[in-house]
Amino acid sequence: MRFRAVIFDLGGVVLDSPLHAIARYEQELGIPPGAVNRLVVDTGPAGAWSRLERGELSRRAFEAAFETECRAAGFALSAAALMERIALCGPRPEMLQALRTLRGAGLALAALTNNWANEDAGGAETDVLRGLFDVFVESSKLGLRKPDPRIYRHVCAALAVEPREAVFLDDIGRNLKAARELGMATIKVDAPGPALAELSRQLELALP
């Protein structure tokens, strides 16, 4: 096995997808599908969402700023209601079992999540998850967020591995692209089953 570590995003990988929660909220309000994600991408590092995930905005300040950005983009929503829906995303049993199997096989494990202070894409669920990982990297505490290359270098250094020795799982293409450019093997997660099958293939290790 040439890999020494596996790095997991949380929301959309270990936890149910916040993108699905966002899509359901957009549908409820009659907002064009994908509008929220496009806004996050379009506003970039200076946008409210990015600033929240780097720990630069409180939740209250974020909600006001994000709602203003939404109105400027031509739609309206409650940022507080959106975050409440994201917080309901719970852990995926298949992923929890895979983490235990990987640990038993001697692989180093890290969580690498874009989140916000005291809560993230799984809310309090992440407190339970911490014990499953050797390293737990949170954008809001580090002041960096994916896809900034520095956050990948940070997690690899914390694991004491080179990027080429790690497999990274995420549900967002731009986050995976940045990891690949540093030399990591990557797996895009749309659903747990196919992603774990690919991880099993890359590691040459049977996973449940």
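The values are calculated or read from the model by the stated rules, or taken from the named source; none is laboratory data. All of these numbers come straight from a predicted model, not from anything done at the bench. Neighbour counts run over all protein chains shown; Cβ positions are idealised from the backbone, glycine included.
Quick grid of which residues meet (1) among the aromatic types (Phe, Trp, Tyr); (2) under 17 Å from the mean Cα position of the chain (by Cα); (3) closer than 16 Å to Leu99 by Cα:
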site	(1), (2), (3)
Lys141	no, yes, no
Arg145	no, yes, no
Ala157	no, no, no
Ile187	no, yes, yes
Gly193	no, no, yes
Leu205	no, no, yes
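Looking at this structure, is Ala111 in a strand (DSSP E or B) and at pLDDT 95 or above?
On the way: in a strand (DSSP E or B): yes; at pLDDT 95 or above: yes.
Against the criterion (in a strand (DSSP E or B) and at pLDDT 95 or above), Ala111 qualifies.
Has segment 62-70 got any residue that is part of a loop (DSSP other than H, G, I, E, B), at pLDDT 95 or above and either of a type outside the set (A, V, I, L, M) or within 22 Å of Glu165 (Cα to Cα) (or both)?
First, the residues of segment 62-70 that are part of a loop (DSSP other than H, G, I, E, B): none.
Within segment 62-70, not a single residue is part of a loop (DSSP other than H, G, I, E, B), at pLDDT 95 or above and either of a type outside the set (A, V, I, L, M) or within 22 Å of Glu165 (Cα to Cα) (or both).
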_Filter result (without any contact (Cβ under 8 Å) to a residue 12 or more places away in the chain and hydrophobic (A, V, I, L, M, F, W, C)) within segment 175-205_ = Ala191, Ala197
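Out of the residues in segment 22-52 meeting the condition of being surrounded by 21 or more Cβ atoms within 10 Å (Cβ to Cβ) and either of a type in the set (Ser, Thr, Tyr) or touching a residue at least 60 places away in the same chain (Cβ under 8 Å) (or both), tell me which one is nearest to Asp190 (Cα to Cα). Working first, answer last.
First pass over segment 22-52, keeping only residues surrounded by 21 or more Cβ atoms within 10 Å (Cβ to Cβ): 22, 36, 48-49, 52.
Keeping just the survivors that are either of a type in the set (Ser, Thr, Tyr) or touching a residue at least 60 places away in the same chain (Cβ under 8 Å) (or both) gives 22, 52.
Details: Ile22: 15, Leu52: 25 Å.
The qualifying residue nearest to Asp190 (Cα to Cα) is Ile22.
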*Could you look through segment 150-187, keep only residues that are β-branched (Val, Ile, Thr) and either outside the structural domain of Met95 (by TED's automatic domain parsing) or under 18 Å from Arg54 (Cα atoms) (or both), and pick out the one that is surrounded by the most Cβ atoms within 10 Å (Cβ to Cβ)?*
Val155
_Filter pass, Asp127 being acidic (Asp, Glu) and either modelled with pLDDT under 95 or more than 22 Å from Arg4 (Cα to Cα) (or both)_ = yes
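On the given criteria, is Leu88 under 29 Å from Val6 (Cβ atoms) and buried (at least 18 other Cβ atoms within 10 Å of the Cβ)? I'd like the intermediate steps shown before the answer.
Numbers: under 29 Å from Val6 (Cβ atoms): yes; buried (at least 18 other Cβ atoms within 10 Å of the Cβ): no.
When the stated conditions are applied, Leu88 does not pass them.
Let's see how each residue does on (1) hydroxyl-bearing (Ser, Thr, Tyr); (2) in the same structural domain as Leu142 (by TED's automatic domain parsing); (3) out of contact with any Phe, Trp or Tyr (no Cβ under 6 Å at 6 or more places or on another chain); (4) closer than 21 Å to Asn175 by Cβ:
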residue: Arg54; (1), (2), (3), (4): no, no, yes, yes
residue: Ser58; (1), (2), (3), (4): yes, no, yes, no
residue: Ala79; (1), (2), (3), (4): no, no, no, no
residue: Leu82; (1), (2), (3), (4): no, no, no, yes
residue: Leu96; (1), (2), (3), (4): no, yes, yes, no
